[in-house]
Every structure is written in C-alpha cells, then in structure tokens.
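Right, one structure below, let's go through it.
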Amino acid sequence: MPRRSITGPDHQEPGWKERMGALQYLPRFFGKIRQVSPSLFYVNIISRILNAATPVALLWVGKLILDEVVLQIDAPEKDFSLLWGLIALELGLAVLSDLISRVTNLTDTLIGDMYSNKSSVEIINKTAEIELSQLEDPDFYDKLDRARRQTVGRVSLMSGIMSQLQDSITVVSLVSALVVFEPWLIVLLVFSVIPAFLNEIKFSQKSYSLARGWTTERRELDDLRYVGASDVTAKEVKLFGLAGYIAERFKTLSDAYYKVTRKLAVRKSLWGAAFNILGVLSYYGAFVLIVMRVVAGVLTVGDLTFLSGSFNRLRSQLQGIFFRFSQITESALYLKDYFDFLDLETGAEEPETVVPVPGEIRRGLEFSGVWFRYPGQEEYVLKGVSFLIPAGEKLAFVGENGAGKTTLIKLALRFYEPEKGKILLDGTDIREFPKEEYQALFGVIFQDFVKYNFSAGENIAVGDINKVGDDRSIVKAARQSLADKVIASLPGGYDQKLGRRFTNGMDLSGGQWQKIALARAYMKDAAIAILDEPTSALDARAEYEAFQRFMGLTRGKTAIIISHRFSTVRLADTIVVLKDGRILEQGTHEALMENRELYAELFTLQAVGYQ
C-alpha cells in the first residue's frame, strides 16, 4: 500500500488586518464571560484596577524612605518617626497588594472554570443541532476541532485581556513619572520594547497559520493515538499485528509536524534573544543616564532608585502589554473560529407555517418517488423509491449491502432530505412538521448503537432520557428485551457502571449489549419503531425469540425492520426488497418466495447455510 506523502498543508498566514478584525469578537466574548457570574466578573475588574496603582505607590514610598535615610545620616539630631511611618506604609501597601492579587487570581480561576464548562456545554449543544449531513463532513470536523481545542486558550484570553487593562493603568502612571523627571528615558524605552513587539507579532501570525493549516493532520494524530491505545481496538491491533504500522504512521506524521514547529520555534527563539539584548542595553543606557544626573546633583539617591525601578518596571510592563496584545490578536483568531462554529447554520430552516404532528397515525408513512445521493457524491443511493408502510403494520427491508436500506431509515428520520420526491405521513409532507416533534414519533435502535459508559439503568433510559429516574419503566423495558437476566448477573445490578474506561466498570458481550440496547426501544412508547440490525450479535434462537417478543409487544404499532436473518424478516407483514437503490419486489414472505427472484434466492442461500 503506497504511503501518502506529507508536505504540510498550504495555508495563507493571517495578515494584520485580519488579526485586528478578529478583535470585534471580544465584546461578545466578554458578554459571555460576564453571564457566568456578574458578581465575580466585576470583583475581578475592581481588584485589577486597585492592584494597578500599587506598583507606582510602592516605588514612590521606597524613594521617600531612601531619601529620608540619607537625610537622617547627615542630620545632627535623629528623628525616625517619619521613616518608621514610611516603612509601615510600604508594609501596608505590600500586604494590600498581595491580598488584592490573591482576590484577582481566585476570581480568575473561578470565572475561568465556569466559562470553560459553559463553552464546552455550548459546543455539545451546538453539535446536537447540526444536521447529520454536516456531521459527516470532514470540513465540519476541522471547525469542530478548532472550536473544541481552544477551550483552555479562551480562558487564558480572558485573563490576558484583564491583565492588559491592569498593566495599562500601571504604565500610564509610570510614564507620567518618567516624563516629569527625565523625558529622555521614554526614547530609550521605545528602543527597548518596539522591535521585540514587532517580532512577536510576526511569529504569532506564523503560529496561528501553522495550527490552523494542520488541523486535519492533528485530528489524524489523535485518531492514531486512539486506535493504537484503546480497549476497543486492542484485539484487532494485537491479532493483525497493527502496532508497528500504526506507530510508524503516527511517527511519520508527527515527525513532519514536529519539523515545521521546530523550525518556527528556533527562529522565534533566535530573533527573540537578539531583541532582548537590545532591550537590556537600552535599560543600562537609561541607568547610566540616571546615575550621571544623581552625580551631578540634579537628582537624589531616592530619585535614582525610583527612576531606575520605574524604567525597569515600565519596560517589563510594556513588553508584557505588547507581547500580550500579540497573543490576544492571535487568540482572537481562535475566538473567531469558536464563534464561527457557534454561528454555523444548522441545516434546512423550518417552514414559516408548520402542520401539527398527528396524535394518531391513520394511513401510514409513505415514500413517493424518492431520489437521494449523499452530499459530494455523484451516484444516487436511492432512485425513485415508492412504497407505503401502513399504520399498525410491520415492514422489513431486505437487500445486499449498499442497497440503500439504512439510507431509507435516515431519510424517514429526517437526518437527510430527499433530493427529489416526497416522504409523507398521513398524506402530509414530513418537512411541514416541526422536526423535533416529528422525530419524537420514532423509537430507533441502530446496528452501531452507542455503548455508553453509564450505569446499566442509564444505558436503558437513553431510549427515553426523560425517564432516567423512573426505575419502574427501566426494569419493565429490561424485562421486555430479556436484558433483566443480564443485569441480574451484574454485581451492581442496574447501578453497575458499564464499560472498562472507568474504575469498577464492567464490559458486556456483544449479545448482552444488544439486549441492553433493545431495551431502549421499549423505554419509549413510540408511534413508529425502527430496528436496524439491532440483534446481529445474538444467536439465531435468541434473535428469533427477541423479535417474537417485539412483534407481540408492538402489536398494532408501526414498525420498520432491517435484518439479514430471514427467519426474522418473514415475521413482517410486508417485505421490501432493494437492489441498487431501487425496489425490486415487495410483498409477504409467501408471495416473494413464489416470485422466485432475489428474495427467494437469498432466502434459499441462507437456508442452505443452516442445513
């Protein structure tokens, strides 16, 4: 098998205009942060404003202390009252600054955690709104991945912007002091900070471009990590000796990603070191200037400590502001990805006037001339399909793999919309019904049902999650699906955690899981039940018994069945045989056997296999 080459994706770096444009999302971002806890949000802002003034106050009090010490050295009569008062004041400011900083850090942490949880919930809820056609689109998953990965980054962005506000207030105070004493220090300050800031902007642009351009590859790396180290895939990985292949494939892709990130990191580090040297030289130039002024008698020793401390603090604060601004504009680009995801259109809009879902199905569900192909595909999966599922009857779909059986189910559930033709419920186009109300008519168990790492009872309640606390309904559903015997064998009974992912969890066999999943169908008193190969892991006898019970318990209700076992299919009132997206034949088991076409052929082949 040829290995695909990895040259890295081609993605245009975001320009300064795009970065500045992304800042428009910050008000919306802070609106969401404020919503999680208005009181903590405002406490955080107030504490930062108070803390912004303490650095200048501490430096000024330090200057006064040093000047007072020099004064007392030369004074013939010593009076330390003012000195002790200044020291006490500095101590009080230091303690106050520490307390305010702790309040700031605490509110940062609390708000960050709450917003992180809230944004994760938003992503989960938004994903639930997305149409299945979008969920199966790789481009959508790239957007989802970028939105999901930046949860921690969004919390850091919040702290960064708050710190920017705090440091800006401090900088204004320090700059004012320098202008009063030595305006030339501002020129040296510019030389020490601006070049490094421009360098940071340049490389942050490249970092975002790299992260965005390699989204698909990073998703593939995550997938390889899962496949190579998961209890779900472990059996096949060991049996087929896939570990070496997966490890080599991961190494090839990760090495390619590492090379481009290493190159960027090295260049950023080298240029950063060069500009930092320039900043250090500027600081000592400023220090020399201040010392000369003190020696000339223009400034006091206290002024020396105040100005040198202010310059150093100002240089550090400005570097922090500029670098943080670069990071904020970069994070705002990720923020744009996040809001773009939240603002995604969720598919077809509901009609302005909707028809209420019928309280009782009288005629049935009808496909009328339905044509369908999956997005991006040229070949039609369904080609002019027409049939009726009469109310209260059981209909089974039969056909070879790829005939379109599961696609019919997806269309009936409105996961997709037909390209041509209509699907009618009691003569009304199903697109005229409110989607959620329409989908609530169905109770569905798919072949690839999810094995949730929930308790056994919760795994059954998934069929109607509104009854998650209704133990009576859960036990009844388990009894109807024969899952009660499975649960009785579990140490924790209905409270037993299923799956091996968490401590004290227990895994089940395929057949046991299918009985749990089948119980979900009985949790919901659905008008239409759909079973898409839900018992394939059961032996023939167990499957036949399960379907006999299903037929009896759903007597008088509409049901759609997909199964490859003809002993099950023959129980249906009507059997529809599909081939290449078209209906080849339909009728009862007896009638189809008399036709001696595909159904009879497949039935005979399967019967021979059991002889």
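If we keep just the residues of the range 209-259 that are among the β-branched types (V, I, T) and outside any helix (DSSP H, G or I), which is modelled with the highest pLDDT?
T233
From the list I423, I389, I487, pick out the single residue that is touching a strand residue (DSSP E or B) at 6+ places or on another chain (Cβ under 9 Å) and within 23 Å of Q548 (Cα to Cα).
I389
Do we find that G31 is modelled with pLDDT of 85 or more and assigned to a helix (DSSP H, G or I) in this structure?
Taking the combined requirement at face value, the residue satisfies it.
Condition first: among the small types (G, A, S) and surrounded by fewer than 19 Cβ atoms within 10 Å (Cβ to Cβ). Now tell me which residues in the range 456-473 satisfy that. Break it down stepwise before answering.
So in the range 456-473, the residues among the small types (G, A, S) come out as 456-457, 461, 463, 469, 473.
G469, the sole residue that qualifies.
Among the residues that make up the range 483-494, is at least one of them free of Cβ contacts under 8 Å to residues at least 24 places away in the same chain and polar (S, T, N, Q)?
yes
Within the range 1-28, count every residue that is modelled with pLDDT of 85 or more and in contact with a Leu (Cβ under 9 Å, 6 or more places away or on another chain).
Within the range 1-28, residues that are modelled with pLDDT of 85 or more and in contact with a Leu (Cβ under 9 Å, 6 or more places away or on another chain) number 1.
Among the helices (runs of 4 or more DSSP H) lying completely within the range 385-481, list those that include at least 2 residues that are in contact with a helix residue (DSSP H, G or I) (Cβ under 6 Å, 6 or more places away or on another chain) and assigned by TED's automatic domain parsing to the domain that holds K579. Please lay out each step first, then the result.
Numbers: elements: 405-412, 435-439, 456-461, 471-481.
Helices (runs of 4 or more DSSP H) meeting the threshold: 456-461, 471-481.
Out of (1) in a helix (DSSP H, G or I); (2) touching a Phe, Trp or Tyr at 6+ places or on another chain (Cβ under 7 Å), what's the single condition that is false for A526?
Among (1) in a helix (DSSP H, G or I); (2) touching a Phe, Trp or Tyr at 6+ places or on another chain (Cβ under 7 Å), the lone unmet condition for A526 is (1).
Looking only at the range 319-333, decide whether some residue is farther than 30 Å from V121 by Cβ, of a type in the set (A, V, I, L, M), part of a helix (DSSP H, G or I) and modelled with pLDDT of 70 or more.
Within the range 319-333, one or more residues are farther than 30 Å from V121 by Cβ, of a type in the set (A, V, I, L, M), part of a helix (DSSP H, G or I) and modelled with pLDDT of 70 or more.
Taking the options E419, E432, E436, name whichever one is surrounded by fewer than 17 Cβ atoms within 10 Å (Cβ to Cβ), without any contact (Cβ under 8 Å) to a residue 40 or more places away in the chain, acidic (D, E) and over 22 Å from L518 (Cα atoms).
E436
The values are calculated or read from the model by the stated rules, or taken from the named source; none is laboratory data. None of these values were measured; they are calculated from a predicted model. Using ideal geometry, Cβ is built from the backbone for each residue, glycine included, and neighbour counts are taken over all protein chains shown.
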